Amino acid sequence: MSYNQSGGQGGGQGSRWTSRTAVPQVDIDVGLRQYMLRVYNYMAGGLALTGIVAYAAVSTGLYQAIAHTILFWVILIAPLGLVLLLSFRINQMSLGAAQATYWVYAGLVGLSIAGIFLIYTNASIATTFFVCAAMFAGMSLWGYTTKRDLTRMGSFLFMGLVGIVIASLVNMFLHSQQMQWIISIVGVIVFTGLTAWDTQQIKEMYWAGDGSVVAGKKSVMGALRLYLDFLNLFLMLLQFMGVRRD
């Protein structure tokens, strides 16, 4: 932003300011695009790994073998631990360790959600994925391009996210189908909005002066945020669009 401010102040001092500020501004734009591309590539790679592991786990019978064992609960809880590790310790981690943690996390998530291939038809899973991808792309693009500050909306959506988590925990005991539908409806709204807000936040995390290691870590954390938005939006949509197997 300092380059824009310099350009604005120099408007009345002659064209020399234009030539001095144009190149740095272009450099910032190129750097930002490269940074966002790394974020999306990490996110897409993580989703691809999750899908491959999930499908392979069901196809090979691995998921069925561990579904009713204590190991499954370890696999179910482990991703949460890795998210917390990245969130609170990434500054102390090397870039390679942060990347490895992200890939392990994506793989474990794939193993933990593999059961969707036993519950829903492959065709309905694929359809839901493409609908989710279209919604995600539209909201992420809006979050990237809008000039509107989404901070207030993000705070509201975060409260909605907390409500979803609490309601989901309660419904684990109630087993209410009606409550699950309500949670899914609210979840679609919340994660659709969070996609735009997180994209804007990730964009604002960029700073041209970051070194390669810091920029790499920011890319990993940004990808993790968008990965979670996409995955949760997909799982919520699957409640409506998924066709159950006979």
Review point. What do you reckon, is L169 among the aliphatic types (A, V, I, L, M), farther than 17 Å from N232 by Cα and modelled with pLDDT under 95?
Key: no
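Could you list, in sequence order, the residues of segment 63-83 that are of a type in the set (G, A, S) and in contact (Cβ under 8 Å) with a residue 24 or more places away in the chain?
Selection gives A67, A78.
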Exercise for review: Can you confirm whether segment 201-223 contains a residue that is buried (at least 18 other Cβ atoms within 10 Å of the Cβ), among the hydroxyl-bearing types (S, T, Y) and farther than 30 Å from Q92 by Cα?
Suggested key: no
Review point. Does V131 satisfy being among the β-branched types (V, I, T), within 18 Å of L231 (Cα to Cα) and either touching a residue at least 40 places away in the same chain (Cβ under 8 Å) or surrounded by 14 or more Cβ atoms within 10 Å (Cβ to Cβ) (or both)?
Key: yes
Study note, to complete from the structure: Scanning segment 139-172 residue by residue, the ones that are small (G, A, S) and farther than 20 Å from E204 by Cβ total 4
Check your understanding: Just for segment 210-220: of the residues that are in contact (Cβ under 8 Å) with a residue 60 or more places away in the chain and in contact with a Phe, Trp or Tyr (Cβ under 9 Å, 6 or more places away or on another chain), which one is farthest from W181 (Cα to Cα)?
Key -> A215
Practice item. Out of the residues in segment 102-122 that are under 16 Å from the mean Cα position of the chain (by Cα) and free of Cβ contacts under 8 Å to residues at least 60 places away in the same chain, state the one that is nearest to Y42 (Cα to Cα). Key: W103
Point to revise | Verdict on A114 being touching a helix residue (DSSP H, G or I) at 6+ places or on another chain (Cβ under 6 Å), modelled with pLDDT of 95 or more and either over 29 Å from R33 (Cβ atoms) or of a type in the set (S, T, N, Q) (or both) | key: yes
Review point. Inside segment 68-98, can you point out the residues that are more than 15 Å from the chain's Cα centre (by Cα) and surrounded by 14 or more Cβ atoms within 10 Å (Cβ to Cβ)?
Key: F72, I75, L76, A78, L85, I90, M93, L95, A97, A98
Exercise for review: Go through (1) surrounded by 13 or more Cβ atoms within 10 Å (Cβ to Cβ); (2) more than 20 Å from M236 (Cβ to Cβ); (3) polar (S, T, N, Q) one by one and return the number of the condition S140 breaks.
Suggested key: (2)
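The values are calculated or read from the model by the stated rules, or taken from the named source; none is laboratory data. Keep in mind it's a predicted model, so treat the numbers as computed, not measured. Note: ideal-geometry Cβ built from the backbone for every residue, glycine included; neighbour counts use all protein chains shown.
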